[in-house]
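Single-structure report; data block below.
The values are calculated or read from the model by the stated rules, or taken from the named source; none is laboratory data. Computed from a predicted structure; not experimentally measured. Every residue, glycine among them, receives a Cβ derived from its backbone with ideal geometry; neighbour counts consider all protein chains shown. We work out accessible area using only protein heavy atoms, side chains counted, and drop any ligands, DNA or RNA first. Shrake-Rupley method; radii C 1.70, N 1.55, O 1.52, S 1.80 Å.
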Amino acid sequence: MSFQAPAERDPAIPGYGLVRGVGRVSRTVAVNAGQIGMLSWDIILATVQLRVSFRAVLRQIYIMGIQSIPIVMVTAVLAGIVTSQQGGYQFTGAIPLYVLGSVVVESIVLEMGPVLTAIVLVGRVGARITAELGTMVVSEQLDAYHSLGRDPVAILAAPRVIAGIIVLPVLVAMANLMGILAGMYAAELTAGLGPESFFYGARLFWHSWDMVYSLSKAVVFGLAIPLIAIHMGLQTKGGAAGVGRTTTQAVMFMTLTILISDALFPPLMLQ
Amino acid sequence: MIEYRNVAKAFDHPVLDGVSLTVETAEMFGLFGPSGTGKSVLLKTTIGLITPDRGDVRVDGISAFHGENDDLRKVRSKVGYVFQNAALFDSLNVYENVEMGISEEELAQLNRMDISRRIWDALELVNLEPRVVLSKLPSELSGGMKKRVGIARAIVGRPEILLWDEPTTGLDPVNTAAVEMLIARLTKELNTTSMIVTHDIEGGLEMCDRVALLDQGKLRFCGTPADFRTSDDEMVKAFIDRAAAEAALNLASV
């Protein structure tokens, strides 16, 4: 009697498709996690062995950081204004209005500053990295690096990851500041709450740890975005269509990773 | 000398199936075959860009797969690889692209002047005017110029072996002839061992000392161009007929 795979023998088993789907997704996640782990190890080795060009890191800091400032600032200002307006609308007549200062500051610093900045960078930086490396793979530029005895991890991957870890906390700190200032002005214009009352409310519930929390998120996001983008770029197959497909998947994975790790932060750091 | 010993590789389906052949030192060797039959895969196994599932490839006796940790680097330092579409680095200009062909060890030893002279000489060898192209990005070059810069990058490190992956694909007949003349001249002037994968059968037969035909991952023919032309093998005959038809078509298009 010959062996038959369960799917061929009885595809109508209840829940079989679901189990199979979960298994397939789990395997994909495990394989990708393993590959990202190996890539991380290679990046650490290249960095520790000083094989990463300082000029390349500076160039990536310029591309990922300086060039992202305008869009990050616009996003932060709008987030501050919206939070302030909605808070003002809900608090009027119910809670002392100075509490609005605390709501705006805590919302921006704990959540909106780091997460919105990271989401913006997924689109502006992460997608760019995946598309750039994917194009290099399909046009054999990666093979060319290998054939010339050069290490693409040291040349292409490490500078981007190092720059991401440096740039994200700085951008988040700037976004936090701009978001709070925008929220403060919006509170004065729409709810009549002056800056002194705004900051009085903000100080009531402020902990210095909140800034550590915010910047810790930024470091994790700054590591995750380039790492996933590079990994996905290196997996690209199949010409221009492959680059497009991989870039879309990378944006999805980076966004999901940010949101999932964001959900893991409160139980880990706010207890 | 390059030795392929029983090399096998499969992706979704078998691509190479036990290929064994030897390319002698200072020989110009041509590899023919239909598309998807494993020619480029065989070439890439030479410098470890693709790892064979079975068998071994040795360059001057050194195996990139079964040797010491440093052997892959040694193999790559002996070989210059010309990619099908040049594979120039988009973000680097011509000078920086060609400079990548010089090993990191050599770059550390040479001064700026010597490096510039090496790059200048390599560009002149491939009939490019260094003054005009040095600061250009790959996107500012024509297809033929990109191929030449790719060749300059491969030869600037003074390799003992040159591997050419379809160097004339995508070029018009005039540029094809020019690049083939360049390949023949460089092989002679630099005294290198050359292995060329090409669809231009007539050009390959003109240039090469020996040729081989791959079909469905197996070696179908290996011998001199004269033997290839007079072979009784049906596959070889079909190839020669196709070459004649393509040559006529190219002549008409010119």
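Close Lys pairs in the protein assembly as shown, defined as Cα atoms under 14 Å apart and 8 or more places apart or on different chains, number 5.
Annotation: the stretch A:68-117 has a Kirkwood hydrodynamic radius of 11.3 angstrom, from the mean reciprocal C-alpha pair distance.
Average 1/r across all pairs of distinct alpha carbons in chain B, invert it, and you get the Kirkwood radius: 18.8 Å.
Counting only protein heavy atoms, probe 1.4 Å: which residues of the stretch B:50-90 lose 30 Å² or more of accessible surface in the full assembly compared with their chain by itself? Residues meeting the cut-off: B:ARG76, B:PHE83, B:ALA87, B:PHE89, B:ASP90.
Look at the dipole of the protein assembly as shown built from charges on Cβ: of A:THR135, B:VAL23, A:SER53, the Cα furthest out on the positive end belongs to A:SER53. The phi torsions of the stretch A:103-113, fed into the Karplus equation with coefficients 6.51, -1.76 and 1.60 and a -60° offset, translate into couplings of 4, 5, 4, 5, 4, 5, 5, 6, 10, 6, x Hz, rounded to whole numbers, with Gly and Pro shown as x.
Sequence-distant contacts, meaning Cα pairs under 8 Å at least 6 residues apart, place the relative contact order of chain A at 30 percent. Out of the total accessible area of chain A (probe 1.4 Å, heavy atoms of protein only), what percent is carbon and sulfur? Answer for chain A is 69 percent, counting heavy atoms of protein chains only.
Using C-alpha pairs under 8 Å with a sequence gap of at least 6, the mean separation divided by the residue count of chain B gives a relative contact order of 26 percent. Mind pulling the angle between the C-alpha long axis of helix A:239-269 and the longest principal axis of chain A? Nearest 10 degrees, somewhere in 0 to 90. That helix lies at roughly 50 degrees to the long axis. Would you work out what percent of the accessible area of chain B, with all protein chains in place, is carbon or sulfur (probe 1.4 Å)? The computed percentage sits at 50. Kirkwood's formula applied to the C-alpha pairs of the stretch B:74-193 gives a hydrodynamic radius of 14.3 angstrom. Extending 7 Å from the Cα toward the beta-carbon at both B:ASP12 and A:ILE36 defines two label points whose distance is 2.8 nm.
Its alpha carbons considered, the stretch B:1-69 gives a radius of gyration followed by a Dmax of 11.7, 36 Å. In square nanometres and to one decimal, what's the mean projected area of the convex hull around the Cα atoms of the stretch B:157-231? For the stretch B:157-231, averaging the hull's shadow over all directions gives 5.7 nm². The alpha-carbon positions of chain A define a convex hull whose volume is 203 Å³ per residue. The Rg/Rh ratio for the stretch B:1-115, using Cα coordinates for both the radius of gyration and the Kirkwood hydrodynamic radius, is 1.02. Per residue, the stretch A:178-245 exposes an accessible area of 48 Å² to a 1.4 Å probe, with every protein chain left in place.
In the context of the full set of protein chains, residues of the stretch A:1-125 present 61 Å² of accessible surface per residue (probe radius 1.4 Å, heavy atoms only).
The alpha-carbon positions of the stretch A:104-222 define a convex hull whose volume is 90 Å³ per residue. Contact residues in the stretch B:99-144 (at least 30 Å² less accessible area with all protein chains than alone, 1.4 Å probe): B:MET100, B:GLU104. When Rg and Dmax are taken over the Cα atoms of the protein assembly as shown, they come to 29.6, 100 Å. Computed 3J(HN,Hα) for the stretch B:8-25, one whole-Hz value per residue from the Karplus formula 6.51 cos²θ - 1.76 cosθ + 1.60 where θ = phi - 60°, is 10, 8, 10, 9, 6, 9, x, 10, 10, 10, x, 7, 10, 7, 10, 9, 6, 4, glycine and proline marked x. Computed with a 1.4 angstrom probe on protein heavy atoms, the B-A interface buries about 1400 square angstrom of accessible area in total. Taken about its Cα centre, the protein assembly as shown carries a charge dipole of roughly 980 debye when the Cβ of each Lys and Arg holds +1 and the Cβ of each Asp and Glu holds -1.
Using a/c under 1.5 as the rounded threshold, could you call the stretch A:1-117 rounded, prolate or oblate? The axes a ≥ b ≥ c are square roots of the C-alpha gyration tensor eigenvalues, and prolate needs a/b larger than b/c, oblate otherwise. Because a/c hits 1.5 or more and a/b fails to exceed b/c, the stretch A:1-117 counts as oblate.
Convex hull of alpha carbon positions in the stretch A:175-268: directionally averaged projected area 8.6 nm². Centre-to-centre, using Cα atoms only, the stretch B:75-94 and the stretch B:1-17 are separated by 23 Å.
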